[in-house]
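Chemist: Here you go, one structure.
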Amino acid sequence: MNEARVTRVRRLLASASVPDIATIRRKQGPIGLTRRRWLMQEARLLASRYSLQEHLDAFVYAQDHEAITGLDVDQLEQLVAHLGRLGANLDAACDPPGVPPAR
């Protein structure tokens with residue numbers, strides 16, 4: 001009985017194929033997709049945190065797109081950098097003079 005199981009497992013292992021890593025990665029999507037999703041999330045977070053939705057929309061429209069989802073990774077990086085600078089400026093403007101920042 002045990003010999004039959006061992007023989008069956010050996011046969012299954014012999015007939016098993018090694019997965020093709022390239023195929024698996026193609027199915028999961030490119031690495032850039034994860035970066036793109038993170039950048040969109042970060043842009044939306046910055047826009048909501050600092051009430052910069054108008055700036056986000058203006059940037060998207062200036063790039064000839066109707067939504068943030070139409071931007072490519074380079075444009076999204078520019079958008080996040082732009083919103084980050086605006087947010088930092090707002091933080092600095094709200095700090096009381098002569099007092100260390102509250103962050």
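Chemist: Please find, within segment 37-52, the residue that is farthest from the chain's Cα centre (by Cα) out of those that are polar (S, T, N, Q) and closer than 16 Å to ASN89 by Cα.
Modeler: Here is the first cut: in segment 37-52, the residues polar (S, T, N, Q) are 41, 48, 51.
Next cut, closer than 16 Å to ASN89 by Cα only: 48, 51.
On the way: SER48: 17, SER51: 21 Å.
This residue is SER51.
Chemist: Is there a residue in segment 39-53 that is among the acidic types (Asp, Glu) and at pLDDT 90 or above?
Modeler: Checked against the condition, which is being among the acidic types (Asp, Glu) and at pLDDT 90 or above, segment 39-53 yields at least one hit.
Chemist: Hey, can you tell me all the residues within segment 79-103 that are closer than 22 Å to ARG36 by Cα, touching a residue at least 12 places away in the same chain (Cβ under 8 Å) and not aliphatic (A, V, I, L, M)?
Modeler: Listed by number, the residues that qualify are HIS82, GLY84, GLY87.
Chemist: Still on this structure, I have one more. If I go through segment 47-62 residue by residue, how many of them are part of a helix (DSSP H, G or I) and free of Cβ contacts under 8 Å to residues at least 12 places away in the same chain? Spell out how you get there, then give the answer.
Modeler: To start, the set of residues in segment 47-62 that are part of a helix (DSSP H, G or I) comprises 47-49, 53-62.
Within this subset, residues satisfying the condition of being free of Cβ contacts under 8 Å to residues at least 12 places away in the same chain are 48, 53-54, 57-58, 61-62.
Here the count works out to 7.
Chemist: Shifting gears a bit: Go through segment 63-83 and count every residue that is part of a helix (DSSP H, G or I) and at pLDDT below 95.
Modeler: Qualifying residue count for the region: 8.
The values are calculated or read from the model by the stated rules, or taken from the named source; none is laboratory data. This is a predicted model, so every value here is computed, not measured. Methodologically, a virtual Cβ is constructed for each residue, glycine included, from the backbone with ideal geometry; neighbour enumeration extends over all protein chains shown.
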